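Just so it is clear, none of the values below were taken in a lab; they were calculated from the coordinates. Just so you know, these numbers come straight off a predicted model, no measurement behind them. Cβ: placed from backbone, ideal geometry, glycine included. Neighbour counts: every protein chain shown.
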Amino acid sequence: MANQIDGTHQHAKSGKLYTYTAGFDVTGGDIRWHATVQQAEEVRLRPEGMIETNTPAAAAIAEQAVRDAVVSAIDAQDDSPGL
């Protein structure tokens with residue numbers, strides 16, 4: 001992956017704090033990404049995906065789009081029973 005971002009996210013309901021590292025590439029109007037998400041030093045999730053933006057400005061919005069996708073993946077996982 002050509003670009004990398006690090007971040008944190010605290011789940012609103014559970015209060016759990018997650019850290020993540022995400023990598024992404026922009027090709028045409030598509031953003032392909034993958035991340036490693038940790039909570040309390042334990043890897044909890046390895047989400048990945050592709051965001052179809054259909055815009056030549058994909059590179060300009062890629063970092064925020066990937067952050068949003070990772071946060072959505074964390075929230076979806078933490079909202080599931082058994083975590």
Worksheet item: Of the peptides 36-42, 10-16, how do they stack up when ordered by the mean number of other Cβ atoms within 10 Å, highest first?
Response: 36-42, 10-16
Worksheet item: Angle, helix 58-78 long axis vs. longest principal axis of the chain, Cα atoms, 0 to 90°, nearest 10?
Response: 20 degrees
Worksheet item: In sequence order, what are the phi-derived ³J(HN,Hα) couplings for the stretch 20-31 according to the Karplus relation 6.51 cos²θ - 1.76 cosθ + 1.60 with θ = phi - 60°, rounded to whole Hz, with x for glycine and proline?
Response: 8, 10, 10, x, 8, 10, 10, 10, x, x, 10, 10
Fill in: FRET E, pair Lys16, Ala59, Förster distance 25 Å, beta-carbon r, rounded to 0.05
0.20
Practice prompt. Take the Cα radius of gyration of the stretch 3-78 and divide it by 2.2 N^0.38 Å, with N its residue count; two decimals is plenty.
Written response: 1.10
